[in-house]
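The values are calculated or read from the model by the stated rules, or taken from the named source; none is laboratory data. These numbers come from a predicted model, not from an experiment. Neighbour counts are summed over all protein chains in view; Cβ atoms, including those assigned to glycine, are modelled from backbone coordinates with ideal geometry.
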Amino acid sequence: MSTPAIGVVGAGYVGLVTGVGLSTLGHTVRIADRDTDRIDRLRQGVPPIFEPGLEPAIRAGLEHGRLSFDVSNETTASVSNVLYLAVPTPMADNGSADLEAIVSVVDEVLPALPELACIVIKSTVPPGTARSLEDRVKEVRGDVHVVSNPEFLTQGRALENFLHPHRIVVGSPTPEAARRVAGLYTSIDAPVLITSPTTAEMVKYASNTFLATKVSFINSIARLCDSVGASVDDVVEGLGLEPRIGRAFLKPGPGFGGSCLPKDTAALAHLAQEVGLKPSLLNAVLEENAMQLDYLEERIRGLVEESRTIGVWGLTFKAGTDDLRDSPAVALVQRLIADGYDVATFDPMAPRTSHLGRRVSSAEEAARDAAVLVVLTEWPEFAAADFERVAQVMSGRFVVDGRNVLDQLTVEEAGLVYSAVGRSALEPR
Ligand code: UGA
């Protein structure tokens, strides 16, 4: 077998997509993870997560001998001229990013790395982290550099995002290391931005927190639309016609979730506080996000009358993924269950192992006997549901469209009462 020039530590979501993406570009890549089950399955070509295109890409990499998997970080490091780190950086209790895992992996792999190797930080880490890791590395290995190369992968389109990115950002302490890492992507047609490591890390945080800001902005506008009787759909249409604003990331919903936007916004707010700045905008973004879920919860409670059965469509933090991490749908279901509601839940993709209310196996089953039916994830099949049938099996009449994805007329024609966020102008008066 040829020697892998690229190693990746961490076969989680980011590490796996990065490693598999690099092998798709033609590089020889070894991916390491301590989880032996995961590695065994990956060696058989079975990915641990659902991500379109990932499984065939893993199989192709294995077949062509460009991709291999290992349980040892050290062995992987020893054959990697460029070693990507994609280990988790969870949120600590105070909102900061917990960097323990990444620091301990750096210490572990450092002695094993070949001469003049580069460590590339793929994990999302607060601005300043790569620089401080570089200082730590230099104490032991003067020949090794630490480069920041943030990821901009969106779940559900991650491999596509990797292969066709809007930009590649490389934050490097030296031009030579920058050239080496940027050189791995030469077959990709995208602008390459070379910066300092801290600036690259900032680009990542600024991107995610800007997206979070857009979602909180439109959710607060949607609530206002309800109060004054305006249609948020038309407001977004109007905003979108102005090129300086655009319409991307302005879909109202139950608030932003997932493993990135909430955590990164909290971490940047924490960092701002730490350096003596007042993160009022970032705090407001998080506050608005929490308020949106409260608003939806109140709406549902207000509609439940005698029967305490609620049907929920959608659990994942967005459509196109099986990921439940920090999902607003999960948080809402848990609150309702804690308050004694009988909640039947259906999601086409969420792992069956997660016990969230009464998990049922179809959208119709979740609607059965429900006083209120709530849509919390924008799976396309929900909009296409047979609402005549839904109306027959429900005990009550109310449908709360927490994602503004259903067609109001279709729902109403089935004899149901439609309620959404920011669409009050459309509601019957
Ligand atoms: C996000 C970013 O979009 C990626 O660019 C980034 O690389 C990634 O985080 C990361 O840091 O790894 P992701 O977490 O997959 O990607 O999810 P998004 O598509 O950004 O959605 C985040 C949340 O915002 C979801 O709960 C989604 O439903 C919500 N959202 C999004 C809305 O409520 N309205 C919108 O208009 C857009």
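The set of residues from the stretch 325-352 being in a helix (DSSP H, G or I) and farther than 18 Å from Val400 by Cβ comprises just one member, Ala338. Please determine whether any residue of the stretch 177-197 is within 12 Å of the ligand (Cβ to nearest atom) and surrounded by fewer than 20 Cβ atoms within 10 Å (Cβ to Cβ). No, that holds for no residue. Residues in the stretch 218-247 that are touching an Asp or Glu at 6+ places or on another chain (Cβ under 8 Å) and outside any loop (DSSP other than H, G, I, E, B) were compared, and the one that is surrounded by the most Cβ atoms within 10 Å (Cβ to Cβ) is Asn219. Within the stretch 83-120, the set of residues being under 14 Å from Ser132 (Cα atoms) and buried (at least 17 other Cβ atoms within 10 Å of the Cβ) comprises Leu99, Ile102, Val106, Ile119, Val120. On the basis of being within 16 Å of the ligand (Cβ to nearest atom) and closer than 30 Å to Gln292 by Cβ, does Ala212 make the cut? Considered against the rule, which asks whether it is within 16 Å of the ligand (Cβ to nearest atom) and closer than 30 Å to Gln292 by Cβ, Ala212 comes out as yes.
Exactly one residue among Gly276, Gly311 is part of a loop (DSSP other than H, G, I, E, B), over 28 Å from Thr154 (Cα atoms) and more than 16 Å from the ligand (Cβ to nearest atom), and that residue is Gly276.
How many residues does the stretch 45-71 hold that are surrounded by fewer than 17 Cβ atoms within 10 Å (Cβ to Cβ), over 26 Å from the mean Cα position of the chain (by Cα) and not in a helix (DSSP H, G or I)? Result for the stretch 45-71: 2. Screening the candidates Val192, Val235 for the property of being of a type in the set (A, V, I, L, M) and more than 22 Å from Glu288 (Cα to Cα) yields one hit, Val192. Take the conditions (1) more than 19 Å from the chain's Cα centre (by Cα); (2) at pLDDT below 95; Glu297 misses just one of them, which is (2).
It is to be established whether one or more residues within the stretch 142-150 are in a helix (DSSP H, G or I) and either touching a His at 6+ places or on another chain (Cβ under 7 Å) or surrounded by fewer than 22 Cβ atoms within 10 Å (Cβ to Cβ) (or both).
No: zero hits.
As a summary of the residue check, Ile300 satisfies the conditions (1) surrounded by fewer than 17 Cβ atoms within 10 Å (Cβ to Cβ); (2) touching a residue at least 24 places away in the same chain (Cβ under 8 Å) except for the one numbered (1). Specify which of the listed residues (Ala319, Ala266, Ala329, Ala290) is within 16 Å of the ligand (Cβ to nearest atom) and over 19 Å from Asn208 (Cα atoms). Testing whether each residue is within 16 Å of the ligand (Cβ to nearest atom) and over 19 Å from Asn208 (Cα atoms) leaves just Ala329. Here the condition is being in contact with a helix residue (DSSP H, G or I) (Cβ under 7 Å, 6 or more places away or on another chain), within 16 Å of the ligand (Cβ to nearest atom) and closer than 30 Å to Gly12 by Cβ; of Val343, Val375, it holds for Val375 alone. From the list Ala177, Ala182, Ala130, Ala117, which residue is farther than 28 Å from His270 by Cα and in contact with an Asp or Glu (Cβ under 8 Å, 6 or more places away or on another chain)? Step by step, each of Ala177, Ala182, Ala130, Ala117 is checked, and only Ala117 is farther than 28 Å from His270 by Cα and in contact with an Asp or Glu (Cβ under 8 Å, 6 or more places away or on another chain). Of all residues in the stretch 159-180, none that is closer than 17 Å to Thr195 by Cα and part of a strand (DSSP E or B) has its Cβ atom under 6 Å from the Cβ atom of a residue that is within 16 Å of the ligand (Cβ to nearest atom) and of a type in the set (Asp, Glu), 6 or more apart or on another chain.
Just give me the residues in the stretch 123-140 being assigned to a loop (DSSP other than H, G, I, E, B), away from the ligand (no atom under 14 Å from the Cβ) and surrounded by 16 or more Cβ atoms within 10 Å (Cβ to Cβ), in sequence order. Pro127, the sole residue that qualifies.
Filtering the stretch 248-273 to residues that are touching a residue at least 40 places away in the same chain (Cβ under 8 Å) and part of a loop (DSSP other than H, G, I, E, B) leaves Lys251, Pro252, Gly253, Pro254, Gly255, Phe256, Gly257, Gly258, Ser259, Cys260.
Within the stretch 10-20, not a single residue is within 16 Å of the ligand (Cβ to nearest atom), in a strand (DSSP E or B) and hydrophobic (A, V, I, L, M, F, W, C). From the list Asp322, Asp369, the lone residue that is assigned to a loop (DSSP other than H, G, I, E, B), surrounded by fewer than 21 Cβ atoms within 10 Å (Cβ to Cβ) and within 23 Å of the chain's Cα centre (by Cα) is Asp322. Residues in the stretch 224-252 that are within 13 Å of the ligand (Cβ to nearest atom) and on the phi > 0 side of the Ramachandran plot were compared, and the one that is farthest from the chain's Cα centre (by Cα) is Gly246.
A quick yes/no check of all residues on (1) modelled with pLDDT of 95 or more; (2) surrounded by 15 or more Cβ atoms within 10 Å (Cβ to Cβ); (3) more than 23 Å from Glu365 (Cβ to Cβ):
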| site | (1), (2), (3) |
| --- | --- |
| Val390 | yes, yes, no |
| Val400 | yes, yes, no |
| Asn404 | yes, yes, yes |
| Asp407 | yes, no, no |
| Val411 | yes, yes, no |
| Gly415 | yes, no, no |
